[in-house]
Amino acid sequence: MNWSEFFAMKGYGFYVWGSYGMALLIFIIEIALVRHKRTITLQELRMLRDAEKEE
Amino acid sequence: MAINWFKYSAPATFYELAGKLVPWFAWPSALLFAIGVYIGFFVAPTDAVQGEAYRIIFIHVPSSILSMFLYLIMAGYAALGLIFNTRLSSMMASALAPTGALFAFISLWTGALWGKPMWGAWWVWDARLTSELILLFLYLGFIALHASIDDPRRADRASALLAIVGSVNVPIIYFSVKWWNTLHQGSTVKFTGTSMHVAMQQAMFSVLAACWLYAIAVTLARVRSIILERERNTQWVAELPEARS
């Protein structure tokens, strides 16, 4: 079996790779969002502290 | 065992513990995904009835199982928060909701892409599909309700009630293929065993384990930010090295 045959999935390639592709995309996006939220949260904590120092 | 489990119900100690645990769940998850997908595509044979399209099962079934279990775990944490007034339980419920919603979405998406070549339709208003769609809406409703109330403790209580009432939907999803005459095929994995080929089982259970580990890792990582946000006025957060500039 060669690779183009493998990716064709006997005509079901769109459905099979569309499923796995979406799942992978969602996992990547979710991981990126969780990391981004951590960065933002830590930034906010620092800003909050700096604001308190100035008072 | 002299471990004081209640120690970890305090947000400050759980924050540390969660941070240490994340890589221990994340890396095995990635490995198991790779193993499961490898077996699913290179070892498992072609299905006699559904041809190559059946290979969607290795992601469809695990994400459907996760979407249901994560809901029950979320509702359980929400109920604990409601009954015992424990802050961390409510934070865990909030951290689980987005991941559960995403697994419900993956389940519906992969189901549509499987339904089109097998049934000739992306979507039918079948009992299994409709109840899974309601599950996605319950997750979204939980997230939206929590976000719409400014006081976090009141938000916890209101959304906990929604989560608890909504959990009646989970057994409906599970038994829908038995109770009603549906287009959706019966359960692949039953409590009494499964009729699948050994390699198909290995692929599916590897991906299932990978999804569990992924869900735990991403929830623990998310709850750490929620803890910091909600405890930001406390002394221990002020003393955290990562929050110092």
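Where a Cα-Cα gap under 18 Å defines reach, which aspartates and glutamates qualify for A:LYS37, not counting those fewer than 8 residues away within the same chain?
B:GLU16, B:GLU229, B:GLU231, B:GLU242
Using only Cα atoms, find the angle between the long axis of helix A:13-54 and the longest principal axis of chain A, and express it within 0 to 90 degrees, rounded to the nearest 10.
The answer is roughly 10 degrees.
Hey, can you list the residues from the range B:37-72 whose accessible area shrinks by 50 Å² or more with all protein chains present, relative to the chain by itself (probe 1.4 Å, no ligands or nucleic acids)?
B:PHE41, B:PHE42, B:GLU52, B:ILE59
What is the set of long-range amide H partners of B:GLY51 at a cut-off below 5 Å, with H atoms built 1.01 Å from backbone N?
none
Might you report the magnitude of the Cβ-based charge dipole of the protein assembly as shown about its Cα centre, with Lys and Arg at +1 and Asp and Glu at -1, to the nearest 20 debye?
320 debye
Lysines near B:LYS178 by alpha-carbon distance under 30 Å, same-chain residues fewer than 8 away left out - which ones?
Counting by Cα, and skipping residues close in sequence, B:LYS178 has these lysines nearby: B:LYS116, B:LYS190.
Place a point 7 Å from the Cα of A:GLU52 along the Cα-to-Cβ direction; which residues of the range B:216-244 have their backbone N under 20 Å from it?
Those under the cut-off are B:224-244.
Round to a whole number: what % of the accessible area of the protein assembly as shown belongs to carbon and sulfur, probe 1.4 Å?
Ligands and nucleic acids excluded, carbon and sulfur reach 68 percent.
What quantity of accessible surface, computed with a 1.4 Å probe and excluding non-protein components, is buried in total between chains B and A, in Å² to the nearest 100?
Interface area, both chains combined: 3300 Å², rounded to the nearest 100.
Helix hunt in chain B: which complete DSSP H runs extend at least 27 Å axially by C-alpha with mean Kyte-Doolittle at least 0.5?
Span-like helices in chain B: B:11-38, B:57-84, B:87-119, B:127-148, B:198-230.
Could you give the accessible area per residue of the range B:59-193, probe 1.4 Å, as a whole number in Å²?
Averaged over the residues of the range B:59-193, the accessible area is 46 Å².
Only residues of the range B:78-109 count here: report those whose backbone N is under 20 Å from the spot 7 Å along Cα→Cβ of B:THR13, or say none.
Zone members listed by number: B:80-81, B:84-93.
Farthest toward the dipole's positive end in the range B:98-245, which of B:SER167, B:TRP114, B:ILE143, given Cβ charges of +1 (Lys, Arg) and -1 (Asp, Glu) about the Cα centre?
Final value for the positive-end residue is B:TRP114.
The values are calculated or read from the model by the stated rules, or taken from the named source; none is laboratory data. All values derive from a computational prediction rather than experimental measurement. In this analysis, Cβ positions are derived from the backbone assuming ideal geometry, glycine residues included, and neighbour counts consider all displayed protein chains. For the accessible areas, the whole protein counts, side chains as well, though only heavy atoms, and no ligand, DNA or RNA atoms are used. Shrake-Rupley method; radii C 1.70, N 1.55, O 1.52, S 1.80 Å.
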